[in-house]
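Encoded as structure tokens, the structure appears first; notes follow it.
Values quoted throughout were computed directly from the atomic coordinates according to the rules given, and no laboratory measurement underlies them. These numbers were taken from a predicted model, which means no experiment stands behind them. Cβ atoms come from the backbone with ideal geometry, glycine included; neighbour counts cover every protein chain shown.
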Amino acid sequence: MQPMPEDWDRAVAVVAHPDDLEYGVASAVARWTRQGKQVSYLLVTRGEAGIAGMAPDQVGPLRVEEERRSAAIVGVSDVEFLDHPDGLVEYGLGLRRDLTAALRRVNPQVIIGQSFDLTWGEDGPVNHADHRAVGLATLDACRDAANGWVFPEAGPPCTDIRDAYVSGLGSPTHFVDVTDTIDAGVASLREHRAYIEGLGREFDPDEFLKNMAGYVGLGAGCEYAVAFHRYPMSLAWLTWDLGLLDGLGLLDYGGDLGVEGRGGRQAVVHGEVRRGRLCGKPHAGAEPGEVLQLVLIAHEAAGGEAVAQGGLV
């Protein structure tokens, strides 16, 4: 794992329920807000179906207040709820549209998401259906939010999203050192008193979080850490140095983008796939949304499994 870059100013953390962020991520949020970063919370539901023996119309408002107090402890004041039904969240256009609109309102650079894996670990229990739907839709909404032709009624596109970092996945790529903020994370989780009491069993937030963060810290080389898997959303990762592009034979193809994959070598010029030795005029000044479309076109032409991709050539 590598340390998560912190050269950004605005982030949105997107989860399904109140308390989802407090099982680890809040400790990282406390670190970021202490650095002066702006972090917003976006919750798809109010968690109204989350406490056995208590009616949803009572639980919803209670959990909203718990979440707001919890967020405040780690320096977050912007907490938005999308009001999808707890336990019945469906992946689809409606969820993607609501997430897209919210991301466009905030225009973040970094997205924090939750696991969409089927299970918690290889042999662990099945992940909540709401988590899986929200986790996957969040990644798709990052791309939707940048494309002005997708959900145009949801506001002007935002093109600043660089990366999504998803917690809880089995193959983390990055970590955040939370040694100095783990106690804030514990205090944040403790604010979910009604939910914790509703578990019907003994649960110690301090022991739980420190055991989990301590385990991650062993691999990260610090006392406590939170792990994430990074999904690049910007096209910076496509901009390879010219020497590498030339070595791959992509510079010979000209055009906007060169790709090599199962479908052979391809070039894209003005949004169209071309084969052969083209000498199309480079379009290095293309807008991010245009370049994204070129990437998608070229990737599909290469058979959906591009083995080498070069930036604007």
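Taking amide H as placed 1.01 Å from N in the peptide plane, GLU80 has its amide H under 5 Å from the amide H of TYR41, LEU42, LEU43, each at least 5 places away in sequence or on another chain.
The length gained by stretching the chain between ARG34 and GLU207 to full extension, at 0.36 nm per residue less their Cα-Cα distance, is 59.9 nm. Roughly speaking, what is the centre-to-centre gap between the stretch 207-221 and the stretch 128-144 when only Cα atoms are used, to the nearest Å? Using only Cα atoms, the two centres lie 26 Å from each other.
Dimensions of the stretch 62-155 from C-alpha coordinates, computed as largest minus smallest value along each principal axis and given longest first, are 41, 31, 25 Å. Residue separation of ALA129 and THR179 scaled by 0.36 nm, minus their Cα-Cα distance, works out to 14.8 nm of gained length.
The shape of the stretch 2-232 can be summarised by an equivalent ellipsoid whose semi-axes, obtained from the alpha carbon gyration tensor, come to 25, 22, 17 Å from longest to shortest.
Net charge around SER115, counting only other residues with Cβ within less than 13 Å of its Cβ (Lys, Arg = +1; Asp, Glu = -1)? Please report the intermediate quantities before stating the final value.
Values: positive: ARG132; negative: ASP20, ASP117, ASP130.
Residues close to SER115 contribute a combined charge of -2.
Note on LEU93 and THR119: the model spin-label points, each 7 Å out from Cα along the C-beta direction, lie 3.5 nm apart.
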